[in-house]
Amino acid sequence: MSTDHRQDVLQRLLSRVSQVRARTWLMLGGAALAVLGLMVWAAIALLSWLWAQAPQAAGTGRQMAGEAMTQIEKLAPGLKEQAAKWLPVAGEAPPERDVSGSDPGPVDRFPGLVRSRFARDENVIEVSYAGRADFDAVLTHYVQGFAASGFTQDVLAATAEEERHQFVGASGRFELRIGRRPGGVVEVDLRQVLQ
């Protein structure tokens, strides 16, 4: 297409546009404004509807997450507790000083452990200790200490994470639980059953 031909086409187009009456231009402009106004109204209506749906969608998401957790708990009971036991919590450290109470039994507390809990009623004295220590050394300390005091030992349960023992002697019955925690922390629960 030559330059002269393009100019000729452009001149014809401009002459036809200039022949359109002002009334027609006003009608076309009004129609364009009406379409633009409808598009803005539709966009605002859509955004308002989405805004109203957000809380419901969030609630549905929370409900679905809760149902998923329930299913996981059914498939693997105690999974949450096991994860909390083995995954270290930021800043988790054994207690620095003893809580009030006294240490029951004939065996002295393992060196370095701190009394973290104490409870007493008519039939039972319960105490818990925690601290950084070697699991096997703590277990040996209590087993040998009770044996030296004339107690007989029964192993009630044992896993890689914890052991539970019972010691029976002339002066009563003691239940011992020793557990491993992250970061080399050992927990000891000692329960004296009063006669």
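Taken together, the values in this text are just the output of simple stated rules run on the coordinates, not laboratory data. Predicted model, so just to flag it, every value in this text is computed and none were measured.
Which whole number of Å³ per residue matches the convex hull of the alpha-carbon atoms in the stretch 6-72?
123 Å³
Starting from the Cα gyration tensor of the stretch 148-190, take the square roots of the eigenvalues, sort them a ≥ b ≥ c, and report rounded, prolate or oblate (rounded when a/c is under 1.5, otherwise prolate if a/b is larger than b/c, else oblate).
Prolate, because a/c is 1.5 or more and a/b exceeds b/c.
Tell me, how many Å apart are the Cα centres for the stretch 1-72 and for the stretch 123-151?
Result: 77 Å between the Cα centres.
Can you give me the angle between helix 3-19 and the longest principal axis of the chain, using Cα atoms only, in degrees from 0 to 90, rounded to the nearest 10?
Roughly 90 degrees between the two axes.
So what are the three principal axis dimensions of the chain from its Cα atoms, in whole Å, longest to shortest?
121, 43, 34
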